[in-house]
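Worksheet for the structure shown next.
The values are calculated or read from the model by the stated rules, or taken from the named source; none is laboratory data. This one's a predicted model, so the numbers in the text were calculated from it and none came from an experiment. Cβ: placed from backbone, ideal geometry, glycine included. Neighbour counts: every protein chain shown. Surface accessibility is based on the protein's heavy atoms, side chains included, excluding ligands, DNA and RNA. Shrake-Rupley method; radii C 1.70, N 1.55, O 1.52, S 1.80 Å.
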Amino acid sequence: MTSRRLAAVLALLALLPDALAAQQATLPARSDATWFDLGRSPLALRGPARANVYVASAGRRAIAMGTEVGHFELWSWPYKWLHDFQLSFKVPKFTTAIPGRDVARWVQVRPEGVTIEYAYETFTVRQHVFAVLDQPATIMLLEVDAIRPMEIVASFSPDIHLAWPASLGGQYIAWNDAARAFVFTESRRMVNGFLGSPAVTQASDVPAHMLSAALPQFVIGVGSAAERYTEPKLGEPPGKNVNIRQGYIPIVMAGGEMPRDSARALYDRLVAPGAAKREWERRVAHFDSIRTQTTRIITPDAMLNRAVEWAKVNLDEGMVCNPDLGCGLVAGYGLSGAASDRPGFGWFFGGDAAINSFGMSGVGQRDLVRDGVFRFFARYQRADGKITHEISQGAGKVDWFGKYPYAFYHGDTTPFWILAFGEYWKQSADTALVRELWPNLRKAYEWSRKADSDGDGLMENPIAGAGALEVGDLQAGIVSDVYLSGVWAAALDRFARMAEAMKEPALAAQARGIRAQALRTLEEVLWMPNEGQYAFAILEGKKVNENLTAWPATALSFDVFDATRGAQMVSRLASNEIMTDWGARPLSSRSSLFDPLHYNNGAVWPFVTGWVSLAQYRYHNAHAGRFALDAIARTGFDEALGRNPEVISGRLYKPLDTAVPHQFFATSMVLTPLVRGLLGIEIDAPAGRVKVAPHLPADWDSVRVEQLAVGDARLALRLERKGRTLALAVTRQGGGGGRAIVVEFAPALPLGARQVSRAADGARLEARAFPGAVVAHDSAALRDSVRLAVQWEGGWEVSPPRQAPRIGDRSSALRVLSERMEGATYRVNLEGRAGTSYVVRVRAPRGAPRMATVGSAAAASRSLRLGEPDHDGWVTLAVDIPSVGADADGYVAVSLSLTGN
């Protein structure tokens, strides 16, 4: 661009603010003093409105769930007020109202609420929906921009139902003109709610003491009396010219099991001027505090950073307060619709809560974990010590624990609760809570211990209850599945630590003895050397179920298995048999029982994928760990915005119709493998130690972690790589009373790395070679700040292409199954789509590799052309996958072999 043209452009840009101001000056002023600026959210997600795609705003006592085109159902726990709440729009051009779903164009989802934007030639209406943070109420705000008279019609299908399996009779609604609202109630008048708006001009006449088959509705007038909508007449133009900007028009649903005057008072408070602004700003402050006061992780990957922040939001939304049961963590949310009163999994699941606590404790959401996992589920512990599997929102209205079979169905919940407690204690040093609930912990331990009838150290499914599976032929004949057994073995270690803290050394010794026996049994019985994998389960008659499954990953995530065997196992889990581009199938696609739509036998679970990711990192198979972690993170943005689905097809990237779209044990698996795996952060606050054992991706040069909670202390970490030096800087941000903390630094270095030393003084460091990495070790005491830096020479690295699937795709991304050093040869085992060429980057110890070959079982090895390394030492290779020998998913395994100069 010439200097003259540049000057002209700059002159035009300088005039833009005045031009925009002049344009804005011609717009009509907003006619309603209730308008306020909603502000901007750094986590806002926006896209075209899609039918049947889930949205929600959750508070502690209420939730609004719906779809991106504006269909909502409203709950105040444990009551479902209504479903199919929707807007339609009357304009003079038509005699019937335009359904909102037909003109919904955009949706924006942010932690504070949901906005749906409806657009037609004569209007734009924005519907802002949010649950009140801590009251049984939901607020909708309508923002209108219209150039013809219009009315907004709200219709809904009333329910006034208790959550499954409880029930209620005698429901009805009635119009209350003084409140400008419908009253929702039942014959006893113990349950009362109000739905309405001060702007209502008309409402349905509904039958007394019953629910009508016709959908009730109310009409909201827009603009002043002179601007109001009138019915179109033949021969007249369709409406007069108006220029209305009105906002906000409130619609409020408020109430619960309370006297009618209490429900009315709550409703009146929330429709009063200034109330919506106050409640919105409370949500803004709440979610800002979650973003800034809990652990923040800043990586070079913007998608992963956003997934972390949305995970914290989602897990906070899992805390629900039920007036009969108390406050605890629920499992997830989904629309119940017309035929059900089950809000997804919006009730209390002990196992899910324990699983989610690993991620929540890792990012500092301790209050929710303390109260929502441990205190809440301890309250409902069975007399013999078993922790409840699930408690319905309606459990306070029925004999849930006596006459229904669901409460204690699972056996894995109890050892998971012990394990989660031990991990929480290590993070927090909250010995006071351990002491408070020690009787519950002891009973949980004793119940779990007694589920072993033959003394092999393993809990038995027929005694304990369900473990990995709930349905399907894979569970036939199971005595002890690897999932239940692995969780129990890990729980025994944590329980022993807590027993010592409670001054019960004999109990600690007993737990460690059981653990030692359990580990021996697992290795002796489940390891299959010819296949290089652990079997799924011990069966009756001491046989084993030899199927390759993802379930050993849970045991691997807690270092239960042997290091060398575990490394073989995780390479099996990295294969296309288990991994799709969007996550892990629990059962190998080569099994005769595999079905890509079966809940336990082939559909992908992000929850299972999280264990696979963490297992890969724990056994130093970092490429496969990141592949799985990326898959989980993407699921939060490809379908329901900001939400992770429960289960996805095992062959096509699409959540199942039966999947809960807002599932928290899927969400927590963004955090657990990232914090504990990729970053390798292990906190032992009672011992005053923090270990950082990262597997930093080759394309990352730095990572920051802020507000990391270690007991009462808050730390900031920074990892930085320059060439063949990796440094960890740790700074105390506050708390902890100045007590020294030992920082251990154990980074995974490239295979073949040698001459590992401390960068500060050149002193040689301990470095241990594992099948997938060389792990260095250094440590120092932290007062205010400390820096540890490791340097090395040589080493091999590979950087595969990253490829994201779209909804509806089959898998096509390249997989790195394993890396190994075989003498002087660096071997990378890969899988790719038959007939596909992938661009792979490799960094050799010195300069370009001397030779590179690729081969497969169906094709002889061939040499690859090697170019010159770039300024960072990377060489680009084209790896062509043979077109023959593909499996059912179209994949072929190849081996890339490289030697250096």
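The figures follow:
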{"read-out": "Mean Cβ neighbour count within 10 Å, used as a protection proxy, ranking 399-407, 463-471 highest first", "value": "463-471, 399-407"}
{"read-out": "Residues residue 837 and residue 44, FRET efficiency given R0 of 30 Å [Cβ-Cβ distance, rounded to 0.05]", "value": "0.20"}
{"read-out": "Cα-centre dipole for the chain with unit charges at Cβ (Lys and Arg positive, Asp and Glu negative), debye to 20", "value": "1740"}
{"read-out": "Too-long pairs where the Cα-Cα distance tops 23 Å, listed order kept, from 691/722; 443/503; 312/386", "value": "312/386"}
{"read-out": "Heavy-atom accessible surface of the chain: percent carbon and sulfur, 1.4 Å", "value": "50"}
{"read-out": "Three-way shape call for the range 294-678 based on the alpha-carbon gyration tensor, with the a/c threshold at 1.5", "value": "rounded"}
{"read-out": "Fully extended contour minus Cα-Cα distance, from residue 269 to residue 371, at 0.36 nm per residue", "value": "33.8 nm"}
{"read-out": "Residue among 663, 356, 854 farthest towards the positive dipole end of the chain, charges placed on Cβ", "value": "854"}
{"read-out": "Residue 531 versus residue 803: modelled label distance in nm, points set 7 Å from Cα along the beta carbon direction", "value": "2.8"}
{"read-out": "Farthest toward positive dipole pole in the chain [+1 Lys/Arg, -1 Asp/Glu at C-beta], among 300, 255, 385", "value": "300"}
{"read-out": "Acute angle (nearest 10 degrees) that the helix 3-25 long axis makes with the longest principal axis of the chain, alpha-carbon atoms", "value": "40"}
{"read-out": "The range 28-97, relative contact order [Cα under 8 Å, separation at least 6], %", "value": "16"}
{"read-out": "Label-point gap, in nm, between residue 289 and residue 501 - each point 7 angstrom along Cα→Cβ", "value": "2.5"}
{"read-out": "Residue 383/residue 793 FRET efficiency (R0 51 Å; Cβ-Cβ; nearest 0.05)", "value": "0.25"}
{"read-out": "Sequence-distant residues sharing a close amide H with residue 741 (under 5 Å, placed H)", "value": "782"}
{"read-out": "Unit Cα scatterers, Debye sum, the range 147-244: log10 I(q)/I(0) for q = 0.11, 0.19, 0.20 Å⁻¹", "value": "-0.45, -0.92, -0.97"}
{"read-out": "Separation between Cα centres of the range 870-891 and the range 725-784, rounded to whole Å", "value": "34"}
{"read-out": "Approximate spin-label separation residue 846-residue 812, in nm, with each point projected 7 Å along Cα-to-Cβ", "value": "4.2"}
{"read-out": "Whether the range 245-395 is rounded, prolate or oblate, judged on the alpha carbon gyration tensor where a/c under 1.5 counts as rounded", "value": "oblate"}
{"read-out": "FRET efficiency, residue 770 to residue 404 (Cβ-Cβ, R0 60 Å, nearest 0.05)", "value": "0.80"}
{"read-out": "Listed residues 170, 333, 115: farthest to the positive end of the dipole of the chain (Cβ charges)", "value": "115"}
{"read-out": "Gyration tensor verdict on the chain (Cα atoms; rounded if a/c is under 1.5, prolate if a/b is larger than b/c, oblate otherwise)", "value": "prolate"}
{"read-out": "Average accessible area per residue (Å²) across the chain - probe 1.4 Å, nucleic acids and ligands excluded", "value": "37"}
